[in-house]
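Below is one structure, written out as structure tokens, with a few remarks after it.
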Protein chains: 2
Amino acid sequence: MVPENLNLVPFVSVENMMDLVLEIGIDTFLRELAEFIEEDFRRWERFDKTARIASHSADGVIELMPTSDGRLYGFKYVNGHPKNTRSGRQTVTAFGVLADVDNGYPVLLAEMTILTALRTAATSAVAARYLARRESATMALIGNGAQSEFQARAFAALTGVRALRLYDTDPSASRRCRRNLADVGLDIRICSTAEEAVEGADVITTATADKQYATILTDNMVGPGVHINAVGGDCPGKTELHRDILLRSDIFVEYSPQTRVEGEIQQLAPDHPVTEIWRVFTGVAPGRSSESQITLFDSVGFATEDFSALRYVRSKLSGTGHYTELDMLADPDEPRDLYGMLLRREAQRREPVEA
Amino acid sequence: MVPENLNLVPFVSVENMMDLVLEIGIDTFLRELAEFIEEDFRRWERFDKTARIASHSADGVIELMPTSDGRLYGFKYVNGHPKNTRSGRQTVTAFGVLADVDNGYPVLLAEMTILTALRTAATSAVAARYLARRESATMALIGNGAQSEFQARAFAALTGVRALRLYDTDPSASRRCRRNLADVGLDIRICSTAEEAVEGADVITTATADKQYATILTDNMVGPGVHINAVGGDCPGKTELHRDILLRSDIFVEYSPQTRVEGEIQQLAPDHPVTEIWRVFTGVAPGRSSESQITLFDSVGFATEDFSALRYVRSKLSGTGHYTELDMLADPDEPRDLYGMLLRREAQRREPVEA
């Protein structure tokens, strides 16, 4: 049976994405999304993996991140332009597409600026469930930009984190973060130095956005047993942690060929041992193995996470109706007659059909 | 000055693309598009070029084709699934995006199934102006599928071709092609063999769609002075011409690293001499240099052609209004406050604003 309306592709706009997230509830959305992400990491070996395809320019980067599990194909378009905030734009915007591998037809187009923020946070929280000490309750959150509240929400929804210590070089960013999280039920303190924020923290999340080598954390700031969730270093030339911290840590990554170029570990030798996180999720490799071990999730974001996010959103669409349909694919009555479709449209335009 | 509505991206649907093409006129559209394509080939060295990123499966391929000239970035999503016609779908569907390199924001989303058909034909015709004998008037068109009428229209609009000799293994395809072209003013004859079609032809266009090695043309069918426009062989394992023809021809390609994998020349040694067509357009290399020479344009389609097509469509939008605007980019009042946008939407949903 041929489905009708082959030309139409469901589209989730920014407004519909917000409504979808809010209708499901942010916590539930993050928990369910985390399940999809973890499930796809467990199926790691079935995915067609390539590092992202980046186009660098003076002020930023535009990237395509494709992947496929053999049944569905997905890709994300994402930019990174730190100077954008000066012109009222987002540093990062994104959209993505999911398609059917059997026939190549797109089955979903969705905004992914909001969705990426959610999937990045959900991925961090899933990794922390395997890597942070079980009793972890306090998280330092360094860098209080667009990703910070999502990280806080995901750790609150998916882990035992109940207290936040905020630090940003711009104190107004920390105040905004605290204000936005007022109703979440977290104990939140704004700190005046990064040192103050990390003191006594079980988890340290770094999410700063400068496109340069920076040292947000120095070696003396990281005590035994801490889990570091490094989210901000995600392109060549952009890191957040002092190299000495990396040398003391057991390092976990998404996809090592990509992380060696983009992550904190670009500071290390190319053969420095790291563990791909899917091996931890599947039980092939250990996560945290002692109370004193320092674990580091060097997160740069991988295509499977976007794939999981699109797959999750798609699974929620029919129930909620938060999408429109785009006339995006040419659908002639006779498949080989693309030109004839143009002729029939011409005839239609000349002689409007009477009602 | 910050532009308003940073969240909106112009979208050209299939219907709007048809209306745009018809309003401009197919011939004018092809001629103007050809100018953009030739202009961008002349600027070849300014483009960031990569071979397409392909994801192959049992029944087809999904590809991303990105490129950038440093000011604009463009990519096309395109699939190729020969079996699709059985389920009423197109073998090839496509859409594309153009973005501003300075800030990474998309500036155009457009259907590209129709647009690709037009740009492929326009590229063939531009190449033929440099490679076919000046007095060429008769074209054999072998393979009368979805691309055939576009090739015919482009050669009629851009070259001196006035007579067509059609051949397809499916005679109904040839009949449909002739019927669709009835008003173009070409002298059209349907042939019962490929040999009959090419006899006396100045230009031979091959545009068949099977995903396999095929021999549409054998060596004895190609006489001196002919220009071969080989459009159909465009992926590994898919060729249309006998190897001996290639050895007698001067071969012109779009981007040799891609064509050596995807084009007719995959049958030749990897160092077989070929000329990139931009060198002909800029006058660096000769095109046709004698009346008896056999020239071959081994066309597989390159990302700059899609870039040119998107750039051309964008240049026509404001005058014609054939687009809608998509709420595709998150645009919070305060750029770093993505999460706050979600909260404000939540408040809005709870307390609808009174009219």
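DSSP beta bridges confined to the protein assembly as shown are antiparallel in about 50 percent of cases. When chain B is treated as a GNM with alpha-carbon contacts under 10 Å, the residue of B:42, B:153, B:86 showing the greatest mean-square fluctuation is B:86. Residue by residue along A:54-60, Cβ atoms of other protein chains within 10 Å of the local Cβ number 5 on average. Taking the fewest neighbouring Cβ atoms within 10 Å as the starting point, the ordered list for B:61, B:253 is B:61, B:253. Considering only A:125, A:258, A:169, and ranking their Cα positions along the charge dipole of segment A:124-301 that arises from unit charges at the beta-carbon of Lys, Arg, Asp and Glu, the one farthest toward the positive end is A:125.
Going by neighbour counts of Cβ atoms within 10 Å, the residues B:308, A:148, B:318 line up, fewest first, as B:318, B:308, A:148. Which distances, shortest first and in nm, link residue A:199 to the matching position in the other copies, using label points set 7 Å out along Cα to C-beta? List, nearest first: 9.6 nm. What whole-number distance in Å separates the alpha-carbon centres of segment A:265-321 and segment B:154-183? Measuring centre to centre over Cα atoms gives 55 Å. In this structure, residue A:351 and residue A:196 have a Cβ-Cβ separation that, at R0 = 56 Å, corresponds to a calculated FRET efficiency of about 0.15.
Helix A:113-131 and the longest principal axis of the C-alpha atoms of chain A enclose an angle of approximately 40°. Net charge dipole, chain A: roughly 620 debye, given to the nearest 20, about the Cα centre with Cβ charges of +1 for Lys and Arg and -1 for Asp and Glu. Residues whose amide H lies under 5 Å from that of residue A:95, counting only those 5 or more places away or on a different chain, are A:77, A:112; hydrogens are built 1.01 Å from N in the peptide plane. Amide H contacts under 5 Å for residue B:70: B:48, restricted to partners 5 or more places along the chain or on a different chain, H placed in the peptide plane at 1.01 Å from N.
Relative to the longest principal axis of the Cα atoms of chain B, helix B:14-24 runs at roughly 70 degrees. Neighbouring Cβ atoms from other chains, within 10 Å of the Cβ of residues in A:64-71, number 3 on average. Computed on chain B, with alpha-carbon pairs under 8 angstrom and 6+ residues apart, the relative contact order is 20 percent. Build a GNM of chain A with springs between Cα atoms under 10 Å apart, and of A:299, A:174, A:57 the one that fluctuates most is A:57. Applying a threshold of 21 Å to the alpha-carbon distances of A:76/B:238; A:49/A:76; A:76/B:316; A:49/A:83; A:83/B:316 flags A:76/B:238; A:76/B:316; A:49/A:83; A:83/B:316 as lying beyond it.
The calculated FRET efficiency for residue B:325 paired with residue A:292, based on their beta-carbon distance and R0 = 56 Å, is about 0.50. Shielding of peptide B:321-330 by partners, expressed as the average count of other chain Cβ atoms within 10 Å per residue Cβ, is 6. Scanning chain A for GluC sites (Glu not before Pro) in DSSP loops with at most 10 other Cβ atoms within 10 Å, what's the longest stretch left with none? Between the exposed loop sites, the longest stretch runs A:136-290.
For chain A, the longest principal axis of the C-alpha atoms and the axis of helix A:26-42 are separated by about 90°.
At an R0 of 41 angstrom, the distance between the Cβ atoms of residue B:32 and residue B:261 translates into a FRET efficiency of 0.85.
Relative contact order of segment A:124-301: 24 percent, from C-alpha pairs under 8 Å at least 6 residues apart in sequence. Counting other Cβ atoms within 10 Å as a rough exposure proxy, the listed residues A:298, A:219 run A:219, A:298 from fewest neighbours to most. Label-to-label distance, residue B:5 versus residue A:134, with points set 7 angstrom from Cα along the beta-carbon direction: 5.7 nm. Secondary structure note: in segment B:133-301, about 5% of the DSSP beta bridges are antiparallel.
Here, each number is a calculation from the coordinates, and none is a lab measurement. Note that the structure is a prediction, hence the values are computed from the model and not measured. Note that we place each Cβ from the backbone using ideal geometry, even for glycine, and neighbour counts take in every protein chain shown.
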